[in-house]
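The values are calculated or read from the model by the stated rules, or taken from the named source; none is laboratory data. No experiment lies behind these values; they were computed from the predicted model shown. Don't worry about glycine lacking a Cβ; one is built from the backbone with ideal geometry, like all the others, and counts go over all protein chains shown.
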Amino acid sequence: MIVIMEENATEEQITKVVDRLVNEGFDIHRSTGARHTVLGAVGARMTDSREYELLEGVHEVVRVSSPYKLAARAFKPEGTKVKIKDVIIGGEKVVMMAGPCTLENREQIEAVAASVAKQGVQIMRGGAFKPRTSPYSFQGLGEQGLKMMREAADRHGLLTVSEIMDSTQIPMFIRYVDILQVGARNMQNFNLLKDLSKLDKPILLKRGPAATIEETLLSAEYIMSGGNHQVIICERGIKTFETYTRNTMDIAAIPVIKKLSHLPIVADPSHATGRRDKVPPMARAAVAAGADGLLIEVHNEPERALCDGAQSLLPEQFDKLMEQLRLIAPAVDRTI
């Protein structure tokens, strides 16, 4: 249930409504928009909504029929903007996140950081812990990789995003990483989601390879229900019967999620397609469809990459893509 307060509702009136809801057994999540305070009431048996509509200061009570409540568009109709320092995800600007799939060594990290920073990228992506199908594949540099990425990012004025594998790594990631990424394989690792819900850190939640949109938003609900509303959804492709690309990028999921949820959504065409030549067209399509950001894999020597070199753009290819995106973004009232 969503309780929308009057524009001029006093703090005393809001407190009385909150107290009434808490006494009924609801957990309350408060959101303050440009005009209205919105109270998300979850966790208890639904009572007659008319009882709350008659309370002083209440403008409207909305029953939320979807299984996700806090992630629903009704909870925050104007949309959520996730702010990290001077970067805003969910605003007018399409935020670019670029870097290598896997952090390999100091020289590679520095070269890629310098290259993407020149193009106006604001966030560097890079994996220090790699969930690989084969136990014999390169598993990442671990904490050493995170530290080197942090140092390179600081030198070039970049934020960082990297994938966390389990709850035991949280203290380490808090030291080095600005946005904690939940990978596709962990989208329904509910114990991890619950632990991340207690943090005051943005969480980038990747859609699972076989997950529906509803299941994705329910995973976001896990994080939000624990108090962390800084959630960014990521469309990174799903498994279908088509085998030409690594996954099938669900471009339609972008406008669908933006309609169903107030959370910002970004797209990862690199993991979606698995092919360097298909990354630019899918990136262009994602921006046109309304994505709030892009994750692009860039490698200075992709032919020698330890992981996913085939889907990584060369720096000059990334430069060209950025030129194209700067032409497309204004057509959908965005900037790059």
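Would you mention how many residues in segment 91-104 are in a loop (DSSP other than H, G, I, E, B) and either touching a strand residue (DSSP E or B) at 6+ places or on another chain (Cβ under 9 Å) or closer than 16 Å to residue 233 by Cα (or both)?
Counting residues in segment 91-104 that are in a loop (DSSP other than H, G, I, E, B) and either touching a strand residue (DSSP E or B) at 6+ places or on another chain (Cβ under 9 Å) or closer than 16 Å to residue 233 by Cα (or both) gives 6.
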Need the failing condition index for residue 77 against (1) touching a Ser or Thr at 6+ places or on another chain (Cβ under 7 Å); (2) within 20 Å of residue 229 (Cβ to Cβ); (3) at pLDDT below 95, just the number. (1)
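Can you name every one of the helices (runs of 4 or more DSSP H) wholly within segment 261-336 that holds 2 or more residues which are free of Cβ contacts under 8 Å to residues at least 12 places away in the same chain and over 29 Å from residue 219 (Cα atoms)?
315-328
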All-but-one check, residue 47 against (1) surrounded by fewer than 22 Cβ atoms within 10 Å (Cβ to Cβ); (2) in contact (Cβ under 8 Å) with a residue 24 or more places away in the chain; (3) assigned to a loop (DSSP other than H, G, I, E, B), failing number (2)
Looking at the structure I just gave you, is residue 145 in contact (Cβ under 8 Å) with a residue 40 or more places away in the chain and either surrounded by fewer than 21 Cβ atoms within 10 Å (Cβ to Cβ) or not assigned by TED's automatic domain parsing to the domain that holds residue 87 (or both)? no
Does residue 164 count as crowded, with 16+ Cβ neighbours inside 10 Å and either small (Gly, Ala, Ser) or in contact (Cβ under 8 Å) with a residue 24 or more places away in the chain (or both)? yes
With the requirement that a residue be modelled with pLDDT of 95 or more, basic (Lys, Arg) and under 20 Å from the mean Cα position of the chain (by Cα), what does segment 106-148 give you? 125
Test for residue 251: is it within 16 Å of the chain's Cα centre (by Cα) and either surrounded by fewer than 20 Cβ atoms within 10 Å (Cβ to Cβ) or not acidic (Asp, Glu) (or both): yes
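If I filter segment 167-183 down to residues being aliphatic (A, V, I, L, M) and free of Cβ contacts under 8 Å to residues at least 60 places away in the same chain, which single residue comes out as surrounded by the fewest Cβ atoms within 10 Å (Cβ to Cβ)?
Kept after step one, since they are aliphatic (A, V, I, L, M), are these residues of segment 167-183: 170, 172, 174, 177, 179-180, 182.
Now restrict to residues that are free of Cβ contacts under 8 Å to residues at least 60 places away in the same chain: 170, 172, 174, 177, 180, 182.
On the way: 170: 16, 172: 16, 174: 14, 177: 24, 180: 23, 182: 25.
Here the answer is 174.
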From the option list 88, 109, single residue qualifying as aliphatic (A, V, I, L, M) and assigned to a strand (DSSP E or B) is 88
Across (1) closer than 30 Å to residue 330 by Cβ; (2) not assigned by TED's automatic domain parsing to the domain that holds residue 141, residue 114 clears everything bar (2)
Going by the conditions given, is residue 106 touching a helix residue (DSSP H, G or I) at 6+ places or on another chain (Cβ under 7 Å), under 30 Å from residue 298 (Cβ atoms) and charged (D, E, K, R)? yes
Can you name the residue in segment 179-218 that is of a type outside the set (A, V, I, L, M) and within 12 Å of the chain's Cα centre (by Cα) and, of all such residues, is farthest from residue 265 (Cα to Cα)? 201
